[in-house]
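Below is one structure; the comments refer to it alone.
The values are calculated or read from the model by the stated rules, or taken from the named source; none is laboratory data. No experiment lies behind these values; they were computed from the predicted model shown. Note that we place each Cβ from the backbone using ideal geometry, even for glycine, and neighbour counts take in every protein chain shown. With ligands, DNA and RNA removed, areas are computed over all heavy atoms of the protein, side chains included. Shrake-Rupley method; radii C 1.70, N 1.55, O 1.52, S 1.80 Å.
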Amino acid sequence: MAQIIDGKKISAAVKAEVAAGVAALKERGIETGLAVVLVGDDPASRVYVNNKKKACALCGIRSFEYTLPAETKEEELLALVGKLNADPAVNGILVQLPLPPQIDEQKVIAAIAPEKDVDAFTEGNVGRIMIGDYHFLPCTPAGCMTLIDSTGVSVDGKNCVVVGRSNIVGKPMAMLLLHRNGTVTICHSHTKNLAEICSQADILVSAVGKAGFITAPMVKEGAVVIDVGMNRNAEGKLCGDVDFEAVEKKAGFITPVPGGVGPMTIAMLMRNTLTAAKLQNGVE
Ligand code: BQF
């Protein structure tokens, strides 16, 4: 029976640490602020933005919400990002993805000042992750890494399998595991023998987006299983990529959904915002 990794509890500890850091800045007269930009009214995005605002309040970070209509033009959003780049009260800028189809996401991301890019999505910050010299880690992979560390299992020399190759999760996740000396395999929709490759993983990270994708035969006895999936099953219940009931019996450690990676993503955003405030004020 696997030990369940409590992402809620671990994220609370990270947020408490951030709150202490934010309070220490405040004592020196420095306020920490995060701008959260939402375009349109996607209900999932609305929930995520609310989670981020709530976490800001808990950490003592000022949040500035900008909600723009779904039909917002690209140049209007670019103008807002430009304004936020120039605003000294804003230490971090978060543009909630996905954006509506008339807006080029890459163009908007590229417009964010690198020192305020708390998602670590801009080209320069992505490049810094590749060479292992960074200020900001992308929130979800950073959260996964903290969850892996909480198990006490070392990544060094282990077989690590990442399923999914997105720029936001899969690719940077693989890079972080590589920095820790893991032997890393990235699987995706064109991978042959995916089940067999997964079944050899000491550390398995799934970021696929399909409920029930990772089944028990795909998991090595005692493995660390990190479930990044955010799906709704047939009953409309929130669930990950992993068949939790079955895999729980075989894995050594497993993250639940909800209460696993999701809360860590938010906590890491708070940490990055504090880091941004320190960097912009020459602290530390
Ligand atoms: C939890 C996200 C897919 C696409 C875009 C806590 C969140 C989720 C779950 C949350 C996510 C997922 C976020 C739980 C932010 C994580 O208790 O399990 C928090 O708010 N997330 C996002 O901003 O964009 C996404 C998933």
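Things to note:
- Selection count where residues are within 16 Å of the ligand (Cβ to nearest atom) and open to solvent by less than 30 Å² (accessible area, probe 1.4 Å), scope the range 70-102: 7
- Of the residues Gly209, Gly152, Gly229, Gly170, the single one that is under 21 Å from Ala2 (Cβ atoms), surrounded by 14 or more Cβ atoms within 10 Å (Cβ to Cβ) and modelled with pLDDT of 95 or more is Gly229.
- Restricting the first member to the range 227-248 and to residues that are more than 22 Å from Pro141 (Cα to Cα), and the second to residues that are of a type outside the set (A, V, I, L, M, F, W, C) and surrounded by fewer than 18 Cβ atoms within 10 Å (Cβ to Cβ), the beta-carbon pairs closer than 8 Å and six or more apart or on different chains are Asn233/Gly212; Ala246/Thr215.
- Condition check for Ile129: hydrophobic (A, V, I, L, M, F, W, C), more than 16 Å from the ligand (Cβ to nearest atom), out of contact with any strand residue (DSSP E or B) (no Cβ under 8 Å at 6 or more places or on another chain) and not in a loop (DSSP other than H, G, I, E, B): yes
- Within the range 123-149, the residues that satisfy the criterion of being open to solvent by 10 Å² or more (accessible area, probe 1.4 Å) and without any contact (Cβ under 8 Å) to a residue 40 or more places away in the chain are Glu123, Gly124, Asn125, Gly127, Arg128, Ile131, Asp133, Tyr134, Met145, Asp149.
- Any hit, the range 195-209, residues being free of Cβ contacts under 8 Å to residues at least 24 places away in the same chain and not in a loop (DSSP other than H, G, I, E, B): yes
- Among the residues examined, Asn181 does not qualify as modelled with pLDDT under 95 and either of a type outside the set (Lys, Arg) or farther than 25 Å from Ala44 by Cα (or both).
- The listed residue being closer than 20 Å to Lys116 by Cα, in a helix (DSSP H, G or I) and open to solvent by 10 Å² or more (accessible area, probe 1.4 Å), out of Ala19, Ala55: Ala19
- The range 139-177 - residue that is in a helix (DSSP H, G or I) and of a type in the set (D, E, K, R) and, of those, farthest from the chain's Cα centre (by Cα): Asp149
- Residues in the range 27-41 that are surrounded by 13 or more Cβ atoms within 10 Å (Cβ to Cβ) and more than 16 Å from the ligand (Cβ to nearest atom): Ile30, Glu31, Thr32, Gly33.
- Subset of the range 245-264 that is more than 13 Å from the ligand (Cβ to nearest atom) and assigned to a helix (DSSP H, G or I) - its residue that is least open to solvent (accessible area, probe 1.4 Å): Val247
- Yes/no for Glu65 being assigned to a loop (DSSP other than H, G, I, E, B), charged (D, E, K, R), in contact (Cβ under 8 Å) with a residue 24 or more places away in the chain and open to solvent by 30 Å² or more (accessible area, probe 1.4 Å): no
- Odd one out for Met1, checked against (1) in contact (Cβ under 8 Å) with a residue 12 or more places away in the chain; (2) in a helix (DSSP H, G or I); (3) within 30 Å of Lys250 (Cα to Cα): (2)
- The set of residues in the range 103-114 being small (Gly, Ala, Ser) and either open to solvent by less than 40 Å² (accessible area, probe 1.4 Å) or free of Cβ contacts under 8 Å to residues at least 12 places away in the same chain (or both) consists of Ala111, Ala113.
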